[in-house]
Amino acid sequence: SKSKDLNILTKPLDTSPIDSNAWLSGFIEADGSFSIFLNKNSIRLRFSLTQSSNKKIGESNETIMSNIAEYLEIKVSTPQRKKTPNSIELIVQTQSIKSNDLLINYLTKFPLWSSKFLNYSDWLIAFDLFKKVYVNKNKYNQALPNGKEEVFNEIRKIQGRMNDKRVEFNWDHLLKFFCI
């Protein structure tokens, strides 16, 4: 194949602590996803990162995905791929407040720069609203008598403008790009 003829040297896997550099941020830019799931009784805010269990050159992605999962204090799930029955997906998925907070701390230190930043920013607003109502119930509900319903509706609006539904793009965050 042509890629074998390029003589590209493969660097060894970076084994430094995840929170010591922006490597994971770049990985999230490429393959990460921020999602909000709503139904009548629940709100789920999730980040997910999915990889095939094997790289195209035959090595496993398990070490990388396990390191990310360990950092986020979650487990890697391994469902069978539907389109390719003999292939397994490796999925790192945050759904708890704790794992989402760990991700937020990382992305505060090593921000995203692409349109993924816009989805993350909306997801972050929804996550903050969710925490105010569902974690600090008493404090927040005193300020908003019907806090849960109002927050649910606000999160629904946010969900409606994310990912493939996004029609407004604001690139002001790039003004800080070279200030890091």
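The values are calculated or read from the model by the stated rules, or taken from the named source; none is laboratory data. Values in this document were obtained by computation on a predicted structure and should not be read as measured data. Cβ placement follows ideal geometry from the backbone for every residue including glycine, while neighbour counts extend to all protein chains displayed. Surface accessibility is based on the protein's heavy atoms, side chains included, excluding ligands, DNA and RNA. Shrake-Rupley method; radii C 1.70, N 1.55, O 1.52, S 1.80 Å.
Assorted remarks:
- Test: residue in the range 128-141 that is modelled with pLDDT under 95, closer than 23 Å to ARG166 by Cβ and aliphatic (A, V, I, L, M): yes
- Between ASN54, ASN21, ASN39, the distinction of being modelled with pLDDT under 80 and either more than 30 Å from GLU149 (Cα to Cα) or open to solvent by 60 Å² or more (accessible area, probe 1.4 Å) (or both) belongs to ASN54 only.
- Checking each residue in the range 70-82 for being in contact with a Ser or Thr (Cβ under 9 Å, 6 or more places away or on another chain) and either crowded, with 17+ Cβ neighbours inside 10 Å or at pLDDT below 90 (or both) picks out LEU72, ILE74, VAL76, THR78, GLN80, ARG81.
- Within the range 83-94, the set of residues being at pLDDT 90 or above and open to solvent by 40 Å² or more (accessible area, probe 1.4 Å) comprises just one member, GLN93.
- Taking residues in the range 1-16 that are under 28 Å from SER66 (Cα atoms), and partners anywhere that are surrounded by 10 or more Cβ atoms within 10 Å (Cβ to Cβ) and modelled with pLDDT of 80 or more, the pairs with Cβ atoms closer than 6 Å and at least 6 places apart or on different chains are ASP14/TRP23.
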